[in-house]
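A short write-up of the structure that comes next.
Read the figures in this text as sums done on the coordinates, not as results from a lab. For clarity, every value in this text was computed on a predicted model and none was experimentally measured. Using ideal geometry, Cβ is built from the backbone for each residue, glycine included, and neighbour counts are taken over all protein chains shown.
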Amino acid sequence: MKFSVSIAMSEPEQYIPLAQAAERIGYHAVVLPDSIFFSEEVSAPYPYTTDGKRMWGAETPWIDPFVGAAAMAGATESIFFYTSVVKLAVRNPVLVAKTVGSLAAISNNRFGFGAGLGWLPEEFKWCGEVFETRGARMDEDIQILQKLLGGGMVEFHGEHYDFGKIQMSPAPTKPVPLYLGGHTLPGLRRAAKYGDGWSSAMLPTKKILETVGKLNELRKEYGTDNKPFEIQAVVTDAFTPDAYKKLEDAGVTDIIGVPWLFYGVPMAGGDLQKKIDGLEKYYEKVVVPTNS
């Protein structure tokens, strides 16, 4: 089982030392979230809390995940980085492809792209995209990314995006893993059809296991079940080696967590050394026994 560290809500100056500590200790990856801005106007509930309210405020720091990954990659040697998840349908896919390809090159293939739809109508409206067409555009976004990151001269002619023959260089020397989020049936279908993995938001074990089963069914339907496929889980009720082994037996490959939370250190504003201490304690008490 892989264990990856979410850096959500950490202070920007903590990114590099936390990545260096996670690498030294032995974690698989650092996971970067995406939040473009905090909107005072909100016309839809946040889908991953019981009351629909966001867990952060206007002053909570959110570094652009691509910038954060590039900075941390330059200060480390082996640890992996991925996003969970970038709101792809809010962005132009050609520009995203350029950024992802550049990150793959500068990190020596230590970057995976986790992508999702996005939930906030205001984010789409004020970034110049249409909220109502986000699903159809997301399908085209993914195809465009796969084409451009594959190297060579490519073109695309879809309902929402259209361009002639173009080439982006340098192309990644290894395929960039594409992890897709989403808990609805269309989102799971998208992950099963196009993705190298599925990335969850916060879910209890029962829901994670149900989703893994559904993904297995859909991958058989699409004929993609013979390909490697990662399940990255943020689990709200599993905290012990036995609980993680149960998830691993069901097909979960990567646990995304914030280890210092178990030792009383908050996500936002927590002391750096206490966070590093939390990384070390969690690795010794949970990660090692899980994988022994």
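Across the stretch 134-139, computed HN-Hα scalar couplings (Karplus, 6.51 cos²θ - 1.76 cosθ + 1.60, θ = phi - 60°) run 4, x, 5, 5, 4, 4 Hz from first to last residue, x flagging Gly and Pro. Taking a ≥ b ≥ c as the square roots of the eigenvalues of the Cα gyration tensor of the stretch 64-211, is the shape rounded (a/c under 1.5), prolate (a/b larger than b/c) or oblate? Verdict is oblate for the stretch 64-211.
First select every other residue whose beta carbon is under 10 angstrom from the beta carbon of Leu272; then total the charges, Lys and Arg +1, Asp and Glu -1.
The answer is -2.
For Lys147, the aspartates and glutamates whose Cα comes closer than 19 Å to its Cα, not counting residues fewer than 8 places off in the same chain, are Asp139, Glu155, Glu159, Asp162, Asp196. Highest mobility in the GNM of the chain, judged by mean-square fluctuation with C-alpha springs under 10 Å and restricted to Glu11, Glu40, Glu122, is found for Glu40. Against the main long axis of the alpha-carbon atoms of the chain, helix 272-282 sits at an angle near 80°. Going from the fewest other Cβ atoms within 10 Å to the most, the residues His183, His157 appear in the order His157, His183.
Distances between every pair of Cα atoms in the stretch 186-256, grouped in 10 Å steps from 0 to the bin holding the largest one, split as 21, 55, 21, 2 percent. For the stretch 173-223, a/c is not less than 1.5, where a ≥ b ≥ c are the root eigenvalues of the C-alpha gyration tensor, and a/b does not top b/c. That puts it in the oblate class. Rounded to the nearest 10 degrees, what's the angle between the helix 241-250 long axis and the longest principal axis of the chain, both from Cα atoms, 0 to 90? The helix 241-250 is inclined about 30 degrees to the chain. One chain, two ends: Asp64 and His160. Fully extended at 0.36 nm per residue, the span grows by 32.0 nm beyond their Cα-Cα distance. Residues His160, His28 in ascending order of nearby Cβ atoms (within 10 Å, fewest first): His160, His28. Apply the a/c threshold of 1.5 to the C-alpha gyration tensor of the stretch 239-292 and tell me whether it is rounded, prolate or oblate. Taking the square roots of the gyration eigenvalues as a ≥ b ≥ c, the stretch 239-292 is prolate. From the Kirkwood radius over Cα pairs of the chain, Stokes-Einstein at 37 °C and 0.692 mPa s returns a whole-number translational diffusion coefficient of 167 µm²/s. Taking 24 Å as the limit for the C-alpha separation, the pairs Lys53/Lys87; Lys53/Lys281; Lys165/Lys227; Lys207/Lys274; Lys206/Lys245 exceed it in the case of Lys53/Lys281; Lys165/Lys227; Lys207/Lys274. Of all beta bridges that DSSP places with both ends in the chain, some 10 percent have antiparallel geometry.
What's the angle, to the nearest 10 degrees (0 to 90), between helix 205-222's Cα axis and the longest principal axis of the chain? It is inclined by approximately 30 degrees. Shown for Asp64, Asp242, Asp51: other C-beta atoms within 10 Å of each C-beta, ranked fewest to most, produce the order Asp51, Asp242, Asp64. Note on the stretch 170-231 and the stretch 111-162: Cα centroid distance 17 Å, given to the nearest whole angstrom.
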